[in-house]
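The structure appears right after this line, and notes come after that.
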Amino acid sequence: MKKIIFKASFFIAPFAFLYVITFLFYSSAESPDLIRLGCFPNVFKEYRNVFRDEFNRKIYFNKYSEGKNRKEKILIIGDSFSEQDNYGYKNYLAEQNSVLYIDRFLSGNQIQTLYELSNGDFFEKYNIEYVILENVERSFTLSAKNIDTSKIRMTSQLDSLVRNHKPSEIDNTDPFFSKKTVQFPFSMARYYFDQNYLSNRYAYNVVLNKNNLFSVNENNLLFLFKDLYFLKENNDLVVVQKLNDVLNDLSNKLKSKKVKLIVLPAPDKYDLYYDYIADKTKFPRPLFFNHLSALKKDYIYIDSKKVLSAHLEVEKDIYFYDDSHWSPVASKIISNEIKKAIK
């Protein structure tokens with residue numbers, strides 16, 4: 001028996017060592033998403049403490065799933081950038097304006113959902129003056145494809161979805177004997193010794209020419225693989241024009257309901273920080289905002305890239321260092337820009 005244990009220890013001991021490294025430095029939490037997806041070491045565990053007060057702020061906006069006030073002035077529909085609660089732009093906006101947020105599980109494709117709501121009874125039952133349509137840059141043009149402009153969704157259908165919704169619990173933890181236990185320590189070593197590479201097929205780690213863009217004072221940028229994957233399509237002027245045509249049509253449809261459309265593209269992290277990438281040889285310049293900004297619009301447009309770029313030199317952590325989303329710093333800037341547009 002002792003011999004079996006002794007022999008087994010030769011196999012288990014190295015694995016146990018790798019497991020301890022993984023346990024100490026790997027984060028399976030949904031946020032920060034880039035740390036988890038890229039298998040990067042979570043070495044700045046106290047990084048977000050600077051935002052603690054923002055994370056604990058009072059909630060001012062209303063969610064559709066939590067009640068029926070029907071007196072809100074602003075409707076927000078978006079993706080994960082709009083899903084941020086206490087420190088999200090919608091909460092800062094709601095301090096001075098009545099805001100109703102369509103839960104993400106109710107919206108799916110935001111453009112399609114707005115067409116459906118405008119064809120139904122939603123805007124007859126809710127006294128909405130402005131609709132904020134938020135969509136992250138990398139998937140915005142994709143969202144405008146294959147839209148059914150005649151489809152209808154009634155508020156009764158929304159209410160049914162709310163009643164039957166069961167939040168899914170996501171568990172990203174790995175057992176002792178798992179691929180992650182072997183994979184992560186090597187990925188961690190690469191984080192310290194490699195440059196400009198794709199990690200774990202999901203996230204890039206590239207060198208910047210500055211080290212003061214984030215409060216961790218690191219000169220590297222972490223961003224999603226999808227930021228590059230969708231770049232070819234988003235750099236196509238014809239594709240962006242088609243998106244703009246859809247948005248103009250949607251805006252005119254909402255105007256018939258006496259509702260104004262505000263379009264808020266959320267910049268990809270790669271795009272916002274692109275000018276600071278030290279070696280751009282393998283990294284093409286994003287053109288989405290250049291194309292969209294030049295087009296004729298029948299909607300209120302928030303050029304979020306232009307607005308946020310103006311703050312990169314004076315404020316740190318416009319986006320989280322370890323995440324693909326903007327931080328409370330950007331949320332405040334964006335909410336102020338929306339307030340200006342409404343005034």
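Going through segment 43-76 one residue at a time, which ones are touching a helix residue (DSSP H, G or I) at 6+ places or on another chain (Cβ under 8 Å) and under 22 Å from Tyr87 (Cα atoms)? I'd like the intermediate steps shown before the answer.
Narrowing segment 43-76 to residues touching a helix residue (DSSP H, G or I) at 6+ places or on another chain (Cβ under 8 Å): 43, 48, 51, 54-55, 57, 59-61, 64-65, 70, 74, 76.
Once the filter is applied, which keeps residues that are touching a helix residue (DSSP H, G or I) at 6+ places or on another chain (Cβ under 8 Å) and under 22 Å from Tyr87 (Cα atoms), segment 43-76 yields Arg48, Phe51, Glu54, Phe55, Arg57, Ile59, Tyr60, Phe61, Tyr64, Ser65, Ile74, Ile76.
Which condition number in (1) closer than 30 Å to Asp121 by Cβ; (2) surrounded by 21 or more Cβ atoms within 10 Å (Cβ to Cβ) is the one that Val246 fails?
Val246 satisfies all of (1) closer than 30 Å to Asp121 by Cβ; (2) surrounded by 21 or more Cβ atoms within 10 Å (Cβ to Cβ) except (2).
The rows are residues; the columns are (1) exposed (fewer than 14 other Cβ atoms within 10 Å of the Cβ); (2) at pLDDT below 90; (3) under 30 Å from Asn252 (Cβ atoms).
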position: Arg138; (1), (2), (3): no, no, yes
position: Pro175; (1), (2), (3): yes, yes, no
position: Lys180; (1), (2), (3): no, yes, no
position: Phe186; (1), (2), (3): yes, yes, no
position: Asn200; (1), (2), (3): no, no, no
position: Tyr204; (1), (2), (3): no, no, no
position: Asn219; (1), (2), (3): no, no, no
position: Leu224; (1), (2), (3): no, no, no
position: Asp227; (1), (2), (3): no, no, no
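Could you tell me which residue of segment 249-269 is most open to solvent (accessible area, probe 1.4 Å), considering only residues that are of a type in the set (Lys, Arg) and more than 22 Å from Leu34 (Cβ to Cβ)?
Residues of segment 249-269 of a type in the set (Lys, Arg): 253, 255, 257-258, 260, 269.
Filter once more, so that each one left must be more than 22 Å from Leu34 (Cβ to Cβ): 253, 255, 257-258, 260.
Values: Lys253: 61, Lys255: 105, Lys257: 59, Lys258: 176, Lys260: 105 Å².
So the residue we want is Lys258.
Does Glu83 meet the test of being surrounded by fewer than 20 Cβ atoms within 10 Å (Cβ to Cβ), touching a helix residue (DSSP H, G or I) at 6+ places or on another chain (Cβ under 6 Å) and modelled with pLDDT of 95 or more? Can you show your working first?
Details: surrounded by fewer than 20 Cβ atoms within 10 Å (Cβ to Cβ): yes; touching a helix residue (DSSP H, G or I) at 6+ places or on another chain (Cβ under 6 Å): yes; modelled with pLDDT of 95 or more: yes.
Here the answer is yes, as Glu83 does meet what is asked.
Evaluate segment 188-198: report whether one residue or more is touching a strand residue (DSSP E or B) at 6+ places or on another chain (Cβ under 7 Å), assigned to a loop (DSSP other than H, G, I, E, B) and at pLDDT 90 or above.
Scanning segment 188-198 turns up at least one residue that is touching a strand residue (DSSP E or B) at 6+ places or on another chain (Cβ under 7 Å), assigned to a loop (DSSP other than H, G, I, E, B) and at pLDDT 90 or above.
Does segment 287-304 include one or more residues that are under 19 Å from Phe214 (Cα atoms), exposed (fewer than 15 other Cβ atoms within 10 Å of the Cβ) and modelled with pLDDT of 95 or more?
No, segment 287-304 contains no residue that is under 19 Å from Phe214 (Cα atoms), exposed (fewer than 15 other Cβ atoms within 10 Å of the Cβ) and modelled with pLDDT of 95 or more.
Residue under question is Val43, and the condition is that it be without any contact (Cβ under 8 Å) to a residue 24 or more places away in the chain and either within 30 Å of Met154 (Cβ to Cβ) or open to solvent by 40 Å² or more (accessible area, probe 1.4 Å) (or both); does it hold? Show your work before the answer.
Values: without any contact (Cβ under 8 Å) to a residue 24 or more places away in the chain: yes; either within 30 Å of Met154 (Cβ to Cβ) or open to solvent by 40 Å² or more (accessible area, probe 1.4 Å) (or both): yes.
Yes; evaluated as a whole, the condition is true for this residue.
Would you mind finding the one in Lys253, Lys297 that is assigned to a loop (DSSP other than H, G, I, E, B), closer than 30 Å to Lys125 by Cβ and not hydroxyl-bearing (Ser, Thr, Tyr)?
From the options Lys253, Lys297, the qualifying one is Lys297.
Which of the following residues is in contact with a Phe, Trp or Tyr (Cβ under 7 Å, 6 or more places away or on another chain) and either free of Cβ contacts under 8 Å to residues at least 24 places away in the same chain or more than 21 Å from Ser139 (Cβ to Cβ) (or both): Val207, Val263, Val216, Val238?
Working: Val207 fails: in contact with a Phe, Trp or Tyr (Cβ under 7 Å, 6 or more places away or on another chain); Val263 fails: either free of Cβ contacts under 8 Å to residues at least 24 places away in the same chain or more than 21 Å from Ser139 (Cβ to Cβ) (or both); Val238 fails: in contact with a Phe, Trp or Tyr (Cβ under 7 Å, 6 or more places away or on another chain).
Result: Val216 is the single residue among Val207, Val263, Val216, Val238 that is in contact with a Phe, Trp or Tyr (Cβ under 7 Å, 6 or more places away or on another chain) and either free of Cβ contacts under 8 Å to residues at least 24 places away in the same chain or more than 21 Å from Ser139 (Cβ to Cβ) (or both).
For segment 140-150, give me each residue that is surrounded by 15 or more Cβ atoms within 10 Å (Cβ to Cβ) and either out of contact with any Pro (no Cβ under 9 Å at 6 or more places or on another chain) or β-branched (Val, Ile, Thr) (or both). Walk me through how you get there before you give the answer.
Going residue by residue through segment 140-150, those that are surrounded by 15 or more Cβ atoms within 10 Å (Cβ to Cβ) are 140-144, 147.
The answer is Thr141, Leu142, Ser143, Ala144, Ile147.
Just give me the residues in segment 276-286 being open to solvent by 70 Å² or more (accessible area, probe 1.4 Å) and farther than 17 Å from Glu137 by Cα, in sequence order.
Asp279, Thr281, Lys282
The values are calculated or read from the model by the stated rules, or taken from the named source; none is laboratory data. Treat the numbers as computed from the prediction; the structure is a model and nothing was measured. Don't worry about glycine lacking a Cβ; one is built from the backbone with ideal geometry, like all the others, and counts go over all protein chains shown. The protein model used for the area step is the full one, side chains on, heavy atoms only, and it has no ligands, DNA or RNA in it. Shrake-Rupley method; radii C 1.70, N 1.55, O 1.52, S 1.80 Å.
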